[in-house]
Amino acid sequence: LVGSLAYGSAVRPNVLDSLPQTSVVLAARLAVVLAFAFTFPMMVFLCRMHLRAILARSELVPRATDALVEHVDAPRERVSDPFRHTAVSLLLVGSSLLCAIVFPNIDAIFGLLGGTTSVVLSFVAPAVFWEACVGYMYNWTHPRRLFCKLLLGFS
C-alpha cells in the first residue's frame, strides 16, 4: 500500500524493484531470500509429516485377511522407512521444481491458487462443515440439507 501510494502507477509487482537501490532495500531483499530459504524446508517437512500420517493410517486399517490372524488388536510397530522418506521428499521437491519451471511467473500460480481456493473457502468448506456439525440432525429430505447437497454438487 505504501509503495503504491509513493510511486503511483509506476510501481512494479515487486515493490522492492520500485524503490531506490540502497542498503536498506538490499537488506529487505536479503530478508525475503532468507524467509523463502527457511520456509520452504519447513513446508516440505510438514507436508511429508502429514503424508506419512495418512499413509500410516491407511496401513493400520484392518483388512479382511487380518481377521484370520489372532493378534490383530495388538499395536503395530511404526518402523521408519528411509526409502519412503526419501521418495516422498524427492516427490515434493521435484513437484515444486516442476511448478517453478512450468510457471516462472508467480502471478500465474497465485491466480490459479486464488481461483481454486476462493471457491473452496466460499462454497465447499461451509457446506462440508455444516454437514459434519449440524446436517446429520436433519432428515435427508429437509430443505437445508438438500441445499447443502446442491451447494456441494455445483461447487
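The values are calculated or read from the model by the stated rules, or taken from the named source; none is laboratory data. Since this is a predicted model, take the numbers as computed values, not measurements. Here Cβ is always computed from backbone atoms with ideal geometry, including for glycine, and neighbour counts include all displayed protein chains. With ligands, DNA and RNA removed, areas are computed over all heavy atoms of the protein, side chains included. Shrake-Rupley method; radii C 1.70, N 1.55, O 1.52, S 1.80 Å.
Does Ala74 meet the test of being at pLDDT 80 or above, open to solvent by less than 90 Å² (accessible area, probe 1.4 Å) and not aromatic (Phe, Trp, Tyr)? Spelling it out, it is not the case that Ala74 is at pLDDT 80 or above, open to solvent by less than 90 Å² (accessible area, probe 1.4 Å) and not aromatic (Phe, Trp, Tyr). For beta carbons closer than 8 Å, sequence separation of 6+ or different chains, a first residue in segment 18-34 that is more than 20 Å from Leu5 (Cβ to Cβ) and a second that is among the aliphatic types (A, V, I, L, M) and modelled with pLDDT under 90, the qualifying pairs are Arg29/Leu16; Val32/Leu16.
Residues considered: Thr65, Thr39. Of these, the only one that is surrounded by 10 or more Cβ atoms within 10 Å (Cβ to Cβ), polar (S, T, N, Q) and either modelled with pLDDT under 90 or within 21 Å of the chain's Cα centre (by Cα) (or both) is Thr39. Here Phe123 clears all of (1) under 23 Å from Arg48 (Cα atoms); (2) surrounded by 13 or more Cβ atoms within 10 Å (Cβ to Cβ) except the condition numbered (1).
Each residue in segment 1-15 was checked for being part of a helix (DSSP H, G or I) and either modelled with pLDDT of 75 or more or open to solvent by 100 Å² or more (accessible area, probe 1.4 Å) (or both), and 3 pass.
Looking across segment 132-154, not a single residue is touching a helix residue (DSSP H, G or I) at 6+ places or on another chain (Cβ under 6 Å) and of a type in the set (Val, Ile, Thr).
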